[in-house]
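Down below is the structure, laid out as structure tokens.
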Amino acid sequence: MSATDKKSLAERLGLKVYSGVGNAGWGRTLFAAVISFIYFFPVFWIILTAFKTHNDALAIPPKFIFSPTFENFVAVFSRAYSAGAAAQDTGFALYFFNSVFIAGTSVLLALAIGTLAAFGFSRYPLRGNDTYLFIILTTRMLPAIVVIIPIFLMFRVAGLSGTYIGVILLYTAFNLPFTIWMMKSFFDELSPDVEDAARIDGSSDRRVFFKICLPQVKAGLAATAVFGLILTWNEFLFALLLTGVDTRTVPVAMAQTIGGDIGVRWGLLAAIETLFLIPVIVVTFMLQNHLLRGVTFGTIKR
Amino acid sequence: MSTIEATNLTKTFGSFTAVRDVDMSVGEGEVVCLLGPSGCGKTTTLRMIAGLESVTEGEVKIGGRVMNKLPPEKRDIAMVFQFYALYPSVSIGGNIEMPLYHLGLSAEERRQEVARVAEILQLGEVLERLPGQLSEGEKQRAAVARAIVRDPNCFLFDEPLSRLDVEQRHSMRGQIKEVLSGLSKATVIVTHDQMEALTMANRIAIMRDGMIEQIGTPHEVFSQPRNVFVAGFIGSPKMNLLDGRLLTVKDGKATIELGADSVVFPVPAAAEALVESHLTIGIRPRALEPVDSPSERSLTGQVELIEPMGAETLVHVRDEDERDLRVVLPRERKVKPGEVLHLACDLTQTHIFDDSGLAVR
């Protein structure tokens, strides 16, 4: 029987099927599985804790078998702040929206600006091109804590403190150097012949960029977007100082959830984290195929 | 009018001169090949004509108009690149369609044009595919299709066949020649393969170090090479180039000392001025014929290496001065290594070059 005869349902539906062992053999597969489990264990433990009651979460020895509860997830959005009081809205719906909105907008902005800048740096180099690129990168060389005070003061004076625009601008500026460097290396890898051909075929610079170059760097856009998104999504320090009550992001709100009359509510925190993980996981999975190509781009000689 | 004229075309990159004073003109319907070894400036010349490289000095005229300052998209030319340069994210049909966008054709007209050239180049079945899914030959044909889909001022080909295997190269050579002959456009083809140049071109420009060494019909550059470089570059196997000294010229006949041998050749009158000077004798491998006994126009040597080439046999003969002579013999003529051969020169295929390497005529 040939391989094509025994196609599974998934294969016939056009889904990719990864057979369990492949060429690696059982030993290596097992080894890889153990290593990845060690990596994944903290995440696994967070998800597990999210479904535990407060007592189960604190139990020693740790419980792997317990009766799961959704009370933590309910409490994320609405809970009583003191024993016997009525349940209140915690504002987390807004914080999740803020995180999505701020991270999404700033990553898209950084991609739009950074990709154009990168194309410029790659195709129309200035005298001292590398110096400019280096200067752009220096903005990321200082630890955040060093720049936070001047930025805080600037934002106060400019009235940007606590506004969406302020945080989005800051995160965009934060993502730009990385975006420009990443995208420049992708543009550098493209064959100049293809662009020459497009020019000879009568395409303007704009058409060359949008129709010819941009589709070729999709993988780069995906990889850059995911890295930028993870960075922005998890950012805490700037968000803590520069967001207001209405623009607070989840990491800040999460930090403020720690504490309370019965000590740290690990179950609640784990539930927030579990929810917080979902968007990143979804985006990463969506872009996974591009991502792999993006990360390995340029490492294989064509 | 579809013509290309280059006058005193020069290109420098910093202190390096890639192309120096290139003069050439390509008439309507004419195919000119730029032929030369790698790095001789032939591709740079082509790119200057295309507008992809700025012109340092001189003038490029296409269709009678000076094009120096015009960007490539305004020159109305079509070019086929060495690596095809197909748009990787666009289907083959889309690739061929691309040059038609700025012509203001309707979608239906564009589709018809694409279908027309797809038929000429047998691409009908792969129009929906992406370039990455095509074979080398199909990619090559798609690149040619993209060039001929509109009606440009002229055609430029940069090493169009270098990526194909021998068989495909043969058939594409014929196909391109056929397609071009139906279009009557000025065409420039860059190649390092002399067979390609000899078969496809009306005229060949042989380049070295940024300069055109000779420009002429395939017949001219083969039968009347202007200098030693052209003589050695054109023709396969390579012409035998032997250092010698002109002893005397008498009654239009020169006695030339070639190491141990000395030969007597009829020479043009101009040779008389060269008495006592060093010169180079060029003898085509097919112009040497084994004879029974030495004569005043024969060379003597021992067979060293035999390379059968099918219809003919290439024999390497080493003479007494340790010089390697390439001789092409008919297949029927059997020789053995170590055998001593007396080789008579066919004077019609023998060339004399002076001290500076220029042909003496």
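The coefficient of translational diffusion for region B:1-155, derived via Stokes-Einstein from the alpha carbon Kirkwood radius under 20 °C and 1.002 mPa s, stands at 128 µm²/s. Seen from every direction in turn and averaged, the convex hull around the alpha carbons of region A:60-188 projects onto 14.1 nm².
Projecting label points 7 angstrom from Cα along Cα→Cβ for residue A:70 and residue A:284 puts them 2.6 nm apart. The Rg/Rh ratio for the protein assembly as shown, using Cα coordinates for both the radius of gyration and the Kirkwood hydrodynamic radius, is 1.16. Scattering from region A:92-295 was approximated by placing one identical point on each alpha carbon and applying the Debye formula without solvent; log10 I(q)/I(0) at 0.07, 0.12, 0.13, 0.18 1/Å stands at -0.27, -0.71, -0.81, -1.25. Charge tally around residue B:126: other residues with Cβ under 10 Å, Lys/Arg +1 each, Asp/Glu -1 each, net 0.
For a straight C-alpha distance cut-off of 20 angstrom, the aspartates and glutamates reachable from residue B:334 (same-chain residues fewer than eight places away being disregarded) are B:289, B:292, B:304, B:307, B:312, B:319, B:324.
Taken about its Cα centre, the protein assembly as shown carries a charge dipole of roughly 2560 debye when the Cβ of each Lys and Arg holds +1 and the Cβ of each Asp and Glu holds -1.
Dipole of the protein assembly as shown computed with +1 at Lys/Arg Cβ and -1 at Asp/Glu Cβ about the Cα centre; of B:4, B:71, A:145, farthest Cα towards the positive end is A:145.
Averaged per residue, what accessible area in Å² does region A:20-89 show with a 1.4 Å probe, protein chains only?
73 Å²
With every protein chain present, what is the per residue accessible area of region B:4-233 (1.4 Å probe, Å²)? Mind showing how you got there, number by number?
Values: 9550 Å² over 230 residues.
I get 42 Å² per residue for this part.
Legend: P(r) of region B:167-207 from all alpha carbon pair distances, 10 Å bins from 0, whole percents, reading 26, 60, 14.
With Cα atoms as the point set, the radius of gyration and Dmax of chain B evaluate to 24.5, 77 Å. Pairs with C-alpha atoms separated by more than 23 Å, drawn from the list B:11/B:42; B:11/B:139; B:42/B:177; B:42/B:238; B:139/B:177, are B:11/B:139. Principal axis extents of the Cα atoms in region B:260-307, from largest to smallest and rounded to whole angstrom, are 39, 22, 19. Near residue B:302: Cβ cut-off under 15 Å, other residues only, Lys/Arg at +1 and Asp/Glu at -1. The net charge is -4. Computed about the Cα centre, the dipole magnitude for chain B is approximately 860 debye when only Lys and Arg (+1) and Asp and Glu (-1) carry charge, each at its Cβ.
Chains A and B together bury roughly 1600 Å² of accessible surface, counting both sides and using a 1.4 Å probe on protein heavy atoms.
Net charge of the neighbourhood of residue B:213, taken over other residues with C-beta under 14 Å away and scored Lys/Arg +1, Asp/Glu -1, is +1. Under 5 Å between amide hydrogens, built in the peptide plane, is the criterion, and for residue B:213 it picks out B:206, B:207, B:208 among residues at least 5 positions away or on other chains. Annotation: lysines with alpha-carbon distance below 22 angstrom to residue A:184 (same-chain offsets under eight excluded): A:211, A:218, A:301. The phi-based Karplus calculation (6.51 cos²θ - 1.76 cosθ + 1.60; θ = phi - 60°) puts the 3J(HN,Hα) values of region A:101-114 at 5, 5, 5, x, 4, 5, 5, 5, 4, 4, 5, 4, 5, x Hz, whole numbers, x for Gly and Pro. On a per residue basis, region B:240-353 carries 51 Å² of accessible surface, using protein heavy atoms and a 1.4 Å probe.
Along the charge dipole of chain B, Cβ charges K/R +1 and D/E -1, which of B:242, B:201, B:217 sits furthest on the positive end? Of the candidates, B:201 comes out farthest on the positive side. Across region A:223-237, computed HN-Hα scalar couplings (Karplus, 6.51 cos²θ - 1.76 cosθ + 1.60, θ = phi - 60°) run 4, 4, 4, 5, 4, x, 5, 4, 4, 6, 4, 8, 4, 10, 4 Hz from first to last residue, x flagging Gly and Pro. Compute the helix-to-body angle for B:166-181: its Cα long axis versus the longest principal axis of chain B, expressed 0 to 90° and rounded to tens. Helix B:166-181 and the main axis of chain B meet at about 70 degrees.
At q = 0.14 Å⁻¹, what log₁₀ I(q)/I(0) does region A:186-238 have when each alpha carbon counts as one equal point scatterer in the Debye sum? Rounded to two decimals, the profile gives -0.49.
In percent, how large is the relative contact order of region A:92-295, given Cα pairs closer than 8 Å and 6 or more residues apart? Present the calculation step by step, with values, prior to reporting the outcome.
On the way: 189 pairs, mean separation 67.9, N = 204.
It rounds to 33 percent for region A:92-295.
Among A:183, A:30, A:80, whose Cα lies farthest out toward the positive end of the dipole of chain A, if unit charges sit on the beta carbon of Lys, Arg (+1) and Asp, Glu (-1)? Value computed over the given set: A:30.
Rounded to the nearest 500 deg cm²/dmol, what is the calculated helix-only ellipticity per residue at 222 nm for chain B, with -39500 (n - 2.57) per DSSP H run of length n ≥ 4? That calculation yields -6000 deg cm²/dmol at 222 nm.
For region A:203-284, the dipole from Cβ point charges (+1 on Lys and Arg, -1 on Asp and Glu) about the Cα centre works out to 500 debye, to the nearest 20.
Debye-formula intensities of region B:240-353, expressed as log10 I(q)/I(0) at q = 0.11, 0.13, 0.17 Å⁻¹, are -0.35, -0.48, -0.78 (one equal scatterer per alpha-carbon, no solvent).
Given the -39500 (n - 2.57) contribution per DSSP H run of 4+ residues, what per-residue ellipticity at 222 nm results for chain A, rounded to the nearest 500 deg cm²/dmol?
On the way: 14 runs with 195 residues, N = 302.
Result for chain A: -21000 deg cm²/dmol, rounded to the nearest 500.
The angle between the Cα long axis of helix B:136-148 and the longest principal axis of the Cα atoms of chain B comes to about 70 degrees, rounded to the nearest 10.
Compute the Kirkwood hydrodynamic radius of region B:145-246, taking the inverse of the mean of 1/r over all pairs of distinct Cα atoms, and give it in Å to one decimal. Write down the numbers at each step before the final one.
Working: mean 1/r = 0.0659 Å⁻¹.
Answer for region B:145-246: a Kirkwood hydrodynamic radius of 15.2 Å.
Shown here are the Rg and Dmax of the Cα trace of region A:20-89, at 18.5, 60 Å. Which aspartates and glutamates, on any chain, are close to residue B:250 with Cα under 17 Å apart, when same-chain ones fewer than 8 places away are left out? Hits, sequence-local ones excluded: B:272, B:276, B:296.
Region B:54-70 and region B:221-263 have Cα centres spaced 40 Å apart. Region B:80-109 and region B:166-205 have Cα centres lying 23 Å from one another. A DSSP coil position with no more than 10 other Cβ atoms inside 10 Å describes none of the trypsin sites (Lys or Arg not before Pro) in region B:252-313. For region B:1-89, the Kirkwood hydrodynamic radius comes to 13.7 Å, computed from all pairs of different C-alpha atoms. Contact residues in region A:178-197 by the 20 Å² criterion (accessible area, 1.4 Å probe, full protein complex versus chain alone): A:193, A:194, A:196, A:197.
Given Cα pairs under 8 Å that are at least 6 residues apart, what percent is the relative contact order of region B:4-233?
Details: 435 pairs, mean separation 67.4, N = 230.
Reported as a whole number, the value is 29 percent.
How much of the accessible area of the protein assembly as shown, probe 1.4 Å, is carbon plus sulfur, in whole percent? Please list the in-between numbers first.
Details: 20220 of 34060 Å².
C and S atoms contribute 59 percent here.
The values are calculated or read from the model by the stated rules, or taken from the named source; none is laboratory data. This one's a predicted model, so the numbers in the text were calculated from it and none came from an experiment. Cβ atoms come from the backbone with ideal geometry, glycine included; neighbour counts cover every protein chain shown. Ligands, DNA and RNA are excluded from the accessible area calculation, which covers all protein heavy atoms including side chains. Shrake-Rupley method; radii C 1.70, N 1.55, O 1.52, S 1.80 Å.
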